[in-house]
Amino acid sequence: MTPGTIFLLAVLICGSTFGEIAMTFGMKATGEPARLRPKPLLIFLGRAVCNAWFWVAIPLMALSFYSLLVLLSWQPISLVIPASALSYVVGTLGAKYILKEEVNGARWAGVILVCAGVVLVTMG
Amino acid sequence: MASQTRLRIKTLVMVLAMVVCANVGDPMLKRGMTTIGAVEVSASGLAHAFRMTVTNATIWVGIIFLIGFMVSYMTALSWADYSYVMPAGAFGYAVLTLLAVVFLHETVSPKRWMGVLLICVGVLLVGQTKPSTTTSPAAQKVAA
């Protein structure tokens, strides 16, 4: 792996993790829709896009997406997707320490199994 | 107890919507982009690609499904934990493999089957934890 690939992988993982954490802050501040029907969902979306965290999340997620596109043009998918599966672990650490979510042993075990599973599926 | 069950069911519905939308949207986008061909990185090449993209129905269907994914994801995050929704979304890898076997009669390697099994067990493990372990600022406001 070249230093450029490692750098872009770091951008991909950090961009998606921090983007999704910002999105979680935004959605928690927005509050859930009154009902899962079209009108309450539209009202919810209207409130969500007025939240500043939403506009922090979108550029970070876009940065992560474009890093993925560039990485896929440099390296085979069988390398990029397994390496980016690390974002499940980084994301869970972010959820525990930044979002203060309760991540118990079962959730950690599940995340690690999912991460290993994604690596095997992509390489298989 | 009833509220926990309700929370679990609505989170499951949103995660399923995320999986369906992502697994339909991504291949549609790929199919649409393949019909356009390789994009030339120049002002005229990008302008041509943009015109071809916005007039391609398959790409629009793909975009609509990906918007559906984003809306389901945002909705799920409004009540459920990020560390609950994120790994559950990986269930899509397992669904894609099963669809490839059932509908496309593809041969799947043992390594890939093992990966599908690990994802399913992992999602089940995460799924049996509480979907929400924090109180959102919006819910605190309502309680106050």
Within the range B:39-53, of all residues that are not aliphatic (A, V, I, L, M) and not in a helix (DSSP H, G or I), the one surrounded by the most Cβ atoms within 10 Å (Cβ to Cβ) is B:Glu40
So which residues in the range B:9-35 are crowded, with 16+ Cβ neighbours inside 10 Å, over 18 Å from B:Val95 (Cα atoms) and modelled with pLDDT under 90, if there are any at all?
B:Leu29, B:Gly32, B:Met33
Looking at (1) without any contact (Cβ under 8 Å) to a residue 24 or more places away in the chain; (2) assigned to a helix (DSSP H, G or I), can you tell me which one A:Pro33 breaks?
(2)
Are any of the residues in the range A:47-69 within 18 Å of the chain's Cα centre (by Cα), among the hydroxyl-bearing types (Ser, Thr, Tyr), more than 9 Å from chain B (Cβ to nearest Cβ) and surrounded by fewer than 21 Cβ atoms within 10 Å (Cβ to Cβ)?
yes
Within the range A:97-118, residues being facing chain B (nearest Cβ under 7 Å) and outside any loop (DSSP other than H, G, I, E, B) number 10
Taking into account only those residues within the range B:125-136 that are of a type in the set (Gly, Ala, Ser) and part of a loop (DSSP other than H, G, I, E, B), which is nearest to the other protein chains (Cβ to nearest Cβ)?
B:Ser136
Can you tell me which residues in the range B:113-124 are more than 7 Å from every other protein chain (Cβ to nearest Cβ), over 12 Å from A:Gly124 (Cβ atoms) and either surrounded by 15 or more Cβ atoms within 10 Å (Cβ to Cβ) or among the charged types (D, E, K, R) (or both)?
B:Cys120
Just to check your reading of the model, which residue among B:Val19, B:Val13, B:Val39 is over 29 Å from B:Ser72 (Cα atoms) and either within 14 Å of chain A (Cβ to nearest Cβ) or in contact with a Phe, Trp or Tyr (Cβ under 6 Å, 6 or more places away or on another chain) (or both)?
B:Val39
For the range A:81-96, enumerate the residues that are within 7 Å of another protein chain (Cβ to nearest Cβ) and of a type in the set (Ser, Thr, Tyr).
A:Tyr88, A:Thr92
In this structure, is A:Tyr88 surrounded by fewer than 21 Cβ atoms within 10 Å (Cβ to Cβ), hydroxyl-bearing (Ser, Thr, Tyr) and in a helix (DSSP H, G or I)?
no
Does B:Met1 satisfy being at pLDDT 85 or above and either under 26 Å from A:Leu99 (Cβ atoms) or within 14 Å of chain A (Cβ to nearest Cβ) (or both)?
no
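Table: residues versus (1) more than 24 Å from B:Asp81 (Cβ to Cβ); (2) of a type outside the set (A, V, I, L, M, F, W, C).
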position: A:Pro3; (1), (2): yes, yes
position: A:Ala10; (1), (2): yes, no
position: A:Cys14; (1), (2): no, no
position: A:Ile21; (1), (2): no, no
position: A:Thr24; (1), (2): no, yes
position: A:Gly46; (1), (2): yes, yes
position: A:Ala52; (1), (2): no, no
position: A:Ala57; (1), (2): no, no
Qualifying positions in the range A:91-109 - closer than 21 Å to A:Val11 by Cα and either crowded, with 17+ Cβ neighbours inside 10 Å or charged (D, E, K, R) (or both)
A:Gly91, A:Thr92, A:Gly94, A:Ala95, A:Lys96, A:Leu99
So, in the range B:70-112, exactly how many residues are part of a helix (DSSP H, G or I) and either more than 12 Å from chain A (Cβ to nearest Cβ) or within 23 Å of B:Thr133 (Cα to Cα) (or both)?
22
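The values are calculated or read from the model by the stated rules, or taken from the named source; none is laboratory data. All values reported here derive from a predicted model rather than from experimental measurement. Cβ: placed from backbone, ideal geometry, glycine included. Neighbour counts: every protein chain shown.
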